[in-house]
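Derivation of every value follows stated rules applied to the coordinates shown; laboratory data play no part. Owing to the predicted nature of the structure, the values given are computational and were not obtained by experimental measurement. Cβ sites come from the backbone with ideal geometry, for glycine too, and all protein chains shown count toward neighbours.
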Amino acid sequence: RAFAQHAVPPTFVADGVVIGSAEMGPLANGARAIALVNPAQFIKASRLATPVSLHERNPELAHILDVENDIVKAADRLRPREGQFPLKTAFPSGAFGTSIKTAMQVLAAGDTPQGKPLNGQGVAVIRLTLNGFDTHQNQPGQQAALLKQLAEGFASMKSALVEMGRWNNTLVMTYAEFGRRPRENQSNGTDHGTVAPHFVMGGRVRGGLYGAPPVLTQLDGGGNLPVGVDFRQIYATVLGPWWGLDSTAVLQQRFEPLPLLRA
């Protein structure tokens, strides 16, 4: 809905790039998005698609040809160029670290050898996935390992963004489909709940805790913490103060942005 309201420049690689999952999430159903696992493999496979300039009257075939053209254009933007700005940042091993490295390479593909973004090129949003937080059993060890991946991944992401000069004009936010209950279950884990902590980071982010601190002695009748921040307020913050869009039109309701961004 956001991209329908304010189209991303056609010179951009895509509206969005999805890395680490075939699930498109909020980029499904209309966004000009690419699911990307391996940039080199994507570029190689794109050679099977041939750009076509026919004025096709069959709408289904026209759509397929448009997609093929988008694939060819995206591959051309992602193809490494001579003297491209090289990343010195070391990324963590494992799937999540590899996804972050791929995301940073996508951004670097639009840079000059001096590390400056090329005019009119880029990508509006990148979606990364870190799976495994559905910890109904044996949570302590799993949670520790996942948070280690998240922390190391975020640290490398910040390092790369600073290196590329993009730290101040990039906003990173987490989101999830569900939270956890605070009380341990019978399997040394936790079950689905109403709330979850989330993170926002970037050079223009005011650090701190937003919303009510959790009080474990004040649970509702279902054993859940009361909601401190409506998650749509985070979306409103990204859509409004960050992107400059009408968040009410996109979210179809007014939600107050959080005061977490510096001017």
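Miscellaneous remarks
- The stretch 95-240 shape via C-alpha gyration tensor axes, a/c threshold 1.5: prolate
- Net charge in the neighbourhood of His6 (other residues with Cβ under 12 Å of its Cβ; Lys, Arg +1, Asp, Glu -1) is -1.
- For His198, distant residues with modelled amide H under 5 Å away: none
- Charge context of Gly153, other residues only, Cβ under 15 angstrom, K/R +1, D/E -1: +3
- Residues in the stretch 182-197 reached by a label modelled at Gln137 [backbone nitrogen below 12 Å; 7 Å Cα→Cβ]: 187-189
- Taking a ≥ b ≥ c as the square roots of the eigenvalues of the Cα gyration tensor, an a/c ratio of 1.5 or more together with a/b no larger than b/c marks the stretch 191-263 as oblate.
- Amide hydrogen neighbours beyond the local backbone of Ile126, cut-off 5 Å, H modeled: Val17
- Nearest-0.05 FRET efficiency for Ala155 and Asp246, computed from C-beta distance (R0 35 Å): 0.50
- The stretch 166-181 and the stretch 216-261 have Cα centres lying 12 Å from one another.
- Distant-in-sequence amide contacts of Ala35, defined by a placed amide H-H separation under 5 Å and a gap of 5 or more residues or a different chain, comprise Val18.
- Cβ-based net charge around Arg262, under 10 Å, with every Lys or Arg adding one and every Asp or Glu removing one: +2
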